[in-house]
Amino acid sequence: MKDNRIYAGFDLSFIDVDIRPFTQKNSSKLIEDLPLKGSHHVETDIEFKPGGNGFNLCRTLASLGRNITFVGPTSSLFESLVKEKNIKLEIEPIENAEVNITSILNLAGGETQFNSVKGFLAPEHLNSRITKMFHSSTLKTISNIALNCKSIEWISSLLLSIIDPDDPILFSSSILFDEKISRLSNTSYEGIIFIDPCDLSEFGRIKELMKILKQLKKLEGEKYLSVNEFELKVLTNAFNKTPGELSEYLCLPIILHTKKSVRFWGKESISLQTNALSKTVTFVGAGDCFNGGFLDEILKSSSLVDALKAGISSATYLIETGKYPTES
């Protein structure tokens, strides 16, 4: 393996019902638009997959040869799907947390997800074992913020665990968010904090997320914020800043990944075109696969340009084949 074990995830997990309607039998071309109401679309592949932003990121890194443990909710069905797909990672369960369900409709132009989120993560799900894993891991991931209504308290506790993973305040639901987040100080850490917030368009706690991003300035170490165009729009509107201004204000490099291009704002500004697609098998997990390919190269100490290109190649491979990229 390339490195010591990485603990990542710390996130909601899902069983994905991946729906891929094709134009005709034995075709790899997805339909452009929804079928008419009341009709039956016969040429459809339906597959059950273990998923979630954090899990898909872990899956990508594991496929690329990293020694990965996914930390998240699990179930017998979830673990049987991991085994069935021959996904080479370990699972460290977050106790008393539920696996959620997502139905994903793939069309030629992209995907739409219908999430049934009933199990959330909150400080009462934390314990010393979990906070020590987050504290010690080379990669400290924070994902799916907007899908978890209690995520602000969960994330503020995880970030505080970088300072002291045994602090009893981390495990308390009675300590207010503002009090927790105010304790972040000029603490240095080893490894990478990687934030992938998910769809923020309907997120009711954007002000609290803004506070977290501001407080991250007080933690000294390598960190990245990865967003799509919709998530970036919410954040730039909330802070009333351009992407470059926002990155400079938060001292936080920002990665924007879209269908056509990838942009990076940080100490340097980078713009790359994505690869032309020969076919589209699935879009599910493409953003997470991009993040995994990027981080795999960053962990090799590759340049930012090479890491972004690796992310693009990883996402392209998944979209065109339906498979996760493997170690070359």
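Bear in mind these aren't lab numbers, they're just calculated from the coordinates by the rules spelled out. Just so we're clear, the structure is a prediction, and the values are computed from it rather than from any experiment. Counting neighbours? That spans all protein chains shown, and the Cβs are built from the backbone with ideal geometry, glycine included.
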Given pairs K29/K259; K85/K323; K88/K223; K49/K88; K83/K259; K180/K211 and cut-off 19 Å on Cα-Cα distance, the over-length ones are K88/K223; K83/K259
Given a 10 angstrom Cα cut-off, can you work out which residue in D11, D167, D296 is the most mobile in a GNM of the chain?
D167
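Quick one: S13, S302, S39, fewest Cβ neighbours within 10 Å first, how do they rank?
Sorted ascending by nearby Cβ count, the order is S39, S302, S13.
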Karplus-derived 3J(HN,Hα), 6.51/-1.76/1.60, for each residue of the stretch 76-88, Hz, glycine and proline x
5, 5, 4, 5, 5, 5, 4, 5, 4, 7, 6, 8, 8
Quickly rank 152-160, 101-109 as a protection proxy: mean count of other C-beta atoms within 10 Å, highest first.
152-160, 101-109
Starting from the alpha-carbon convex hull of the stretch 237-328, give the projected area averaged over all orientations, in nm².
6.5
Per-residue ³J(HN,Hα) for the stretch 96-107, Karplus 6.51 cos²θ - 1.76 cosθ + 1.60, θ = phi - 60°, Hz, x for Gly and Pro
6, 10, 9, 7, 9, 10, 10, 9, 10, 9, 9, 10
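Would you mind ranking V305, V281 so that the residue whose beta carbon has the fewest other beta carbons within 10 Å leads the list?
The most exposed by this proxy come first: V305, V281.
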Which of the peptides 57-69, 217-229 is most tightly packed, and how do the rest follow, judged by the mean count of other Cβ atoms within 10 Å per residue?
57-69, 217-229
Top of P21, P93, P168 by mean-square fluctuation, Gaussian network on the chain, Cα under 10 Å
P168
Taking neighbour Cβ counts within 10 Å as the exposure measure, how do L176, L299 sort from fewest upward?
L176, L299
Karplus-derived 3J(HN,Hα), 6.51/-1.76/1.60, for each residue of the stretch 167-180, Hz, glycine and proline x
4, x, 5, 5, 9, 9, 8, 8, 7, 5, 3, 4, 5, 5
Packing rank of 310-320, 248-258, where each peptide gets the mean count of other beta carbons within 10 Å, highest leading
310-320, 248-258
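Using Cα-Cα distances under 8 Å and only pairs 6 or more residues apart, what relative contact order does the chain have, in percent?
Contact order relative to length: 17 percent.
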Expressed to one decimal in nm², the mean projection of the alpha carbon convex hull of the stretch 76-227 is 10.2
Counting DSSP beta bridges with both ends in the chain, the antiparallel % (nearest 5):
45
Compactness ratio of the chain: Cα Rg over 2.2 N^0.38 Å, N = residue count?
0.97
I'd like the orientation of helix 229-239 relative to the chain: the angle between its Cα long axis and the longest Cα principal axis, in ° from 0 to 90, rounded to 10.
30
E98's amide H: which non-local residues (gap 5+, or another chain) put their own amide H closer than 5 Å, with H modeled 1.01 Å from N in plane and none for Pro or chain starts?
F120
